[in-house]
Amino acid sequence: MNDMTQAPSPAPKPKARPRPQVMRLTEAAAQRVLELTQRADSEIVGLRVGVKNGGCAGQSYTVEYAHEIRPTDEVVEDKGVKVLVDPKAVLFLLGTEMDYKADKMQAQFVFNNPNQISACGCGESVQLKPAEV
């Protein structure tokens with residue numbers, strides 16, 4: 001008699017949890033990113049956002065033109081534009097809303113960041129903690 005036993009089939013892999021979007025943009029921020037990318041002197045793929053050490057509170061946000069998408073960039077596509085997040089900044093920016101404000105005195109990107117602990121009085125720097133994931 002032949003024993004027709006079969007090897008047990010492997011258990012199905014659990015589905016990967018969808019990755020949360022690192023940042024989202026307001027309509028004003030998306031419009032400003034679009035304007036900047038369209039009028040740049042050279043071809044750019046979007047804006048790169050990061051965090052650097054410095055300033056009276058310890059850290060500050062950085063925004064610069066991105067001429068290429070690096071393999072380590074976190075690509076955020078929102079409202080028709082691309083923002084590339086420096087991989088070292090992802091945990092500090094998780095859940096952040098990027099806005100753009102303009103008034104009589106200044107125009108700038110503003111970051112509404114749930115990971116921000118404090119900010120300096122001049123508004124140039126912040127203190128951030130890594131997001132708890």
Only Cα pairs under 8 Å and at least 6 apart count here; give the relative contact order of region 23-128 as a rounded whole percent. 30 percent
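Exceeding 21 Å between C-alpha atoms, which entries from my cross-link table qualify? They are Lys88/Lys129; Lys52/Lys104; Lys15/Lys82; Lys79/Lys101.
Details: Lys88/Lys129 13 Å; Lys52/Lys104 28 Å; Lys15/Lys82 27 Å; Lys79/Lys101 17 Å.
Exceeds cut-off: Lys52/Lys104; Lys15/Lys82.
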Evaluate the distance, in nm, between pseudo-label points positioned 7 Å from the Cα of Asp103 and of Cys120 along their respective Cα→Cβ axes. 2.0 nm
Extension gain (nm, one decimal) between Glu68 and Ser42, 0.36 nm per residue minus Cα-Cα: 8.2 nm
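Just so you know, all these numbers are worked out from the coordinates, no wet-lab data involved. What you see is a predicted model, and the numbers here were worked out from it, not measured in a lab. Ideal geometry is used to build each Cβ from the backbone, glycine not excepted, and the neighbour counts take in all protein chains shown.
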